[in-house]
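Quick notes on the structure that follows.
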Amino acid sequence: MEMAQKAGDPDAAQVVVAECLVLAETKDHLNWELMGEAVSNLTGDERKTLKDAHDEVEDEEDEHLYHTKGWTRELWLEGLGLPAVRPPPEEEEDVKTAIAAAKAKDSRKTMFKK
Ligand SMILES: [Fe+2]
């Protein structure tokens, strides 16, 4: 990001940040998914504590990933000189599931038809 900023290209710096966030949110998503699987093999207080934490946070983590991917895609497209949707449909439609994210992404197709 600093290299892109120093090069005087704030748009490129923004894409670098977005890429880093997608990587971080992808790992975050995987970790919470793994915790969900692990919880199902626990019992007693451990299970309750981790299940409560998982139930509280996992939907938010899904949302982080889908929204970040949408922003990154649109920043890239804009940088390539292609039509971009900002804010991305994932953000506008408050996407929280993989199915909704796929539908939001697909909805872009109708946004540029004449
Ligand atoms: Fe996250």
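The values are calculated or read from the model by the stated rules, or taken from the named source; none is laboratory data. All values reported here derive from a predicted model rather than from experimental measurement. Neighbour counts are summed over all protein chains in view; Cβ atoms, including those assigned to glycine, are modelled from backbone coordinates with ideal geometry. Only protein heavy atoms, including side chains, enter the accessible area calculation; ligands, DNA and RNA are left aside. Shrake-Rupley method; radii C 1.70, N 1.55, O 1.52, S 1.80 Å.
Side notes on the structure shown:
- The distance linking the range 1-33 with the range 37-67 is 26 Å (Cα centroid to Cα centroid, whole angstrom).
- For the range 67-114, the list of chymotrypsin sites (Phe, Trp or Tyr not before Pro) that fall in a loop by DSSP and count at most 11 other C-beta atoms within 10 angstrom reads PHE112.
- Mean silhouette area of the range 8-49, derived from the convex hull of its C-alpha atoms and averaged over all directions, reads 3.4 nm².
- Taking label positions 7 Å along the Cα-Cβ direction at both ASP45 and GLU78, the computed distance is 5.0 nm, reported to one decimal.
- Percent carbon-and-sulfur accessible area, the range 39-88, ignoring ligands, DNA and RNA, probe 1.4 Å: 54
- Simple Cβ-charge dipole of the chain, Lys/Arg +1 and Asp/Glu -1, about Cα centre, in debye nearest 20: 760
- Residue-averaged [θ]222 nm for the chain, counting only DSSP H segments that reach four residues, each worth -39500 (n - 2.57): -26500 deg cm²/dmol
- When the pairs LYS69/LYS103; LYS48/LYS69; LYS27/LYS103; LYS27/LYS69; LYS69/LYS105 are compared against a 20 Å limit on Cα-Cα distance, LYS48/LYS69; LYS27/LYS103 fall above it.
- Our summary of shape: the Cα atoms of the chain have principal axis extents of 55, 39, 15 Å, ordered from largest down, in whole angstrom.
- Karplus (6.51, -1.76, 1.60) ³J(HN,Hα), θ = phi - 60°, over the range 30-41, in Hz, Gly and Pro reported as x: 4, 4, 5, 5, 5, 4, x, 5, 5, 4, 5, 9
- Among VAL57, THR110, GLY36 - extreme Cα towards positive end, dipole of the chain, charges at beta-carbon: THR110
- Taking all Cα pairs closer than 8 Å and separated by 6 or more residues, the relative contact order of the range 17-114 comes to 26 percent.
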